[in-house]
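Asks: After the structure tokens below, expect a handful of questions from me.
The values are calculated or read from the model by the stated rules, or taken from the named source; none is laboratory data. Values in this document were obtained by computation on a predicted structure and should not be read as measured data. Every residue, glycine among them, receives a Cβ derived from its backbone with ideal geometry; neighbour counts consider all protein chains shown. Quick note on the areas: whole protein, heavy atoms, side chains included, nothing else; ligands and nucleic acids left out. Shrake-Rupley method; radii C 1.70, N 1.55, O 1.52, S 1.80 Å.
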Amino acid sequence: MKKAYRRIFTIVLDSFGVGAMEDSPQFGDVGVDTLGHISESVEEFKIPNLQKLGLANLHPIRQVKSVEKPLGYYGKLREASRGKDTMTGHWEMMGLWTKKAFRTFTEHGFPPELIQELSRRTGRVIIGNKSASGTQIIEELGEEEIATGHLIVYTSADSVMQICGNEETMGLENLYRYCEIARELTMKDEWKVGRVIARPYVGKKKGEFRRTANRHDYALKPFGKTVLDTLKEAGYDVISVGKIYDIFSGEGITEFQKSQSSVQGMDQTIELAGRDFHGLCFVNLVDFDVLWGHRRDPVGYARELERFDVKLGELMKVLREDDLLILTADHGNDPTYSGTDHTREKVPFLAWSPSMRGGEKLAESENFAVIGATIAENFQVEMPEGTIGTSILNKLK
């Protein structure tokens, strides 16, 4: 058997798709390509570390040449699950095949019956109830909420109910309590959403409002055991950075760190690389999706990738001979496409270790679970019953 890596760093560039899935038209996505269309939207695009790992070998990039001898192994992963949301993508990485997509309420907002019951249980009038950007809806309705005590509820392209509250007038405890009520109500099948999210903010008037770091996600628990559970049960460290803890509702996590930005998430990862642990560091970098994909800003997305690339270089310098780095994504979010929804795309798989002496192209995988299966084999733990995924550890030489 191949010598095992002591630590594996799996970093999810949230929404960094690399081209349409074969079934993408069934999801309303035709010709989508997050990476390709970002490249077409900017004059300069400097990502030397991703280039060295083989990203331009995996997908043509107008400003970035492929390299003759990439440092890493590179391939594309297709999504087996029926969905294109955050939870579905991450859960599949760790072995869970979601055969029925989570409910979304993008077109018409939440049903009147649900809104009425939430209003009754919280004692507050519900305003908003539409698909919107979080920052924009606070600008639109924040003053009304502060003046009247009404409750801002909105949704987005994900299967999610988001509730805003001003920390200075509503208070965090009240906001969290309202979200707990909403989570209870949205466990009914006809109203079930993947996450209820508390979105606190501060400020007194338009132009001054800003969201705080006290966001809290109330997520569904995974419907079965994942690779994270088996790692934890076997005594390995499972350290999460960013919103991984919320996505898995804490299941299988031994330590977690929240992040206020993707740059901070990389700084936290670099700091963790300087510690001695044995197991998995699982990272989500959400800004690509929230700040640039949903807001349809390809230039901002490109600049975020450049900032990530700088931090990637810093991380690569401190990784050890027995470390493995995996870079991937959970879905697409083409910033040039219509609407604000995620896009059904293949995602990249880049793998590198300082102990490698060069990489090569990998066959396209039928699911994201190749990641969890590879991690499981490396640490010699069993894939949980009912999960999917085939390890490619023996190919990472």
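Asks: Could you list, ordered by first residue, the pairs with Cβ atoms under 9 Å in which the first is in the range 247-267 and closer than 15 Å to His90 by Cβ and open to solvent by less than 10 Å² (accessible area, probe 1.4 Å) and the second is assigned to a loop (DSSP other than H, G, I, E, B) and among the hydrophobic types (A, V, I, L, M, F, W, C), at least 6 apart or interchain?
Replies: Hits for this filter: Phe248/Met94; Gly252/Met94; Gly265/Val286.
Asks: Inside the range 133-151, can you point out the residues that are under 21 Å from Gly123 (Cβ atoms), open to solvent by less than 20 Å² (accessible area, probe 1.4 Å) and in contact (Cβ under 8 Å) with a residue 40 or more places away in the chain?
Replies: Answer for the range 133-151, where residues must be under 21 Å from Gly123 (Cβ atoms), open to solvent by less than 20 Å² (accessible area, probe 1.4 Å) and in contact (Cβ under 8 Å) with a residue 40 or more places away in the chain: just Gly142.
Asks: Given the structure, is Arg78 closer than 23 Å to Leu185 by Cα and either open to solvent by 10 Å² or more (accessible area, probe 1.4 Å) or touching a Phe, Trp or Tyr at 6+ places or on another chain (Cβ under 7 Å) (or both)?
Replies: no
Asks: Further, regarding this structure: Filter the range 1-36 for residues that are open to solvent by 40 Å² or more (accessible area, probe 1.4 Å) and not aliphatic (A, V, I, L, M) and give the result.
Replies: Lys2, Lys3, Arg6, Glu22, Pro25, Gln26, Phe27, Gly28, Gly31
Asks: Which of the residues that make up the range 230-282 are in a loop (DSSP other than H, G, I, E, B), among the charged types (D, E, K, R) and either in contact with a helix residue (DSSP H, G or I) (Cβ under 7 Å, 6 or more places away or on another chain) or within 17 Å of Leu325 (Cα to Cα) (or both)?
Replies: Result: Glu251, Arg275, Asp276.
Asks: Of all the helices (runs of 4 or more DSSP H) wholly in the range 1-73, which have at least 1 residues that are of a type in the set (S, T, N, Q) and within 29 Å of Leu228 (Cβ to Cβ)?
Replies: The qualifying helices (runs of 4 or more DSSP H) are 34-41, 48-53.
Asks: Of the residues Ser119, Ser15, Ser24, which is out of contact with any Lys or Arg (no Cβ under 7 Å at 6 or more places or on another chain), among the hydroxyl-bearing types (Ser, Thr, Tyr), at pLDDT 95 or above and under 21 Å from Pro298 (Cβ atoms)?
Replies: Among Ser119, Ser15, Ser24, only Ser15 is out of contact with any Lys or Arg (no Cβ under 7 Å at 6 or more places or on another chain), among the hydroxyl-bearing types (Ser, Thr, Tyr), at pLDDT 95 or above and under 21 Å from Pro298 (Cβ atoms).
Asks: Is there a residue in the range 331-345 that is at pLDDT 95 or above, closer than 20 Å to Leu96 by Cβ, open to solvent by 10 Å² or more (accessible area, probe 1.4 Å) and of a type in the set (Lys, Arg)?
Replies: Within the range 331-345 (the criterion being at pLDDT 95 or above, closer than 20 Å to Leu96 by Cβ, open to solvent by 10 Å² or more (accessible area, probe 1.4 Å) and of a type in the set (Lys, Arg)), the answer is no, since none of the residues qualifies.
Asks: Look through the range 95-118, keep the residues that are assigned to a loop (DSSP other than H, G, I, E, B) and among the charged types (D, E, K, R), and return whichever of them is least open to solvent (accessible area, probe 1.4 Å).
Replies: Start the filter on the range 95-118 by keeping residues that are assigned to a loop (DSSP other than H, G, I, E, B), which leaves 95-111.
Next, only the ones that are among the charged types (D, E, K, R) stay: 99-100, 103, 107.
Working: Lys99: 142, Lys100: 167, Arg103: 101, Glu107: 160 Å².
Per the stated criteria, the residue is Arg103.
Asks: Would it be correct to say that Val227 is in contact (Cβ under 8 Å) with a residue 12 or more places away in the chain, farther than 21 Å from Ser131 by Cα and over 22 Å from the mean Cα position of the chain (by Cα)? Break it down into steps so the answer makes sense when it comes.
Replies: Values: in contact (Cβ under 8 Å) with a residue 12 or more places away in the chain: yes; farther than 21 Å from Ser131 by Cα: yes; over 22 Å from the mean Cα position of the chain (by Cα): no.
So Val227 does not fit the description; no.
Asks: I've got another one for you. Considering only the range 312-324, state which residues are of a type outside the set (A, V, I, L, M), assigned to a helix (DSSP H, G or I) and open to solvent by less than 40 Å² (accessible area, probe 1.4 Å).
Replies: Gly313
Asks: Is it the case that some residue within the range 295-308 is of a type in the set (Ser, Thr, Tyr) and either open to solvent by 10 Å² or more (accessible area, probe 1.4 Å) or assigned to a loop (DSSP other than H, G, I, E, B) (or both)?
Replies: no
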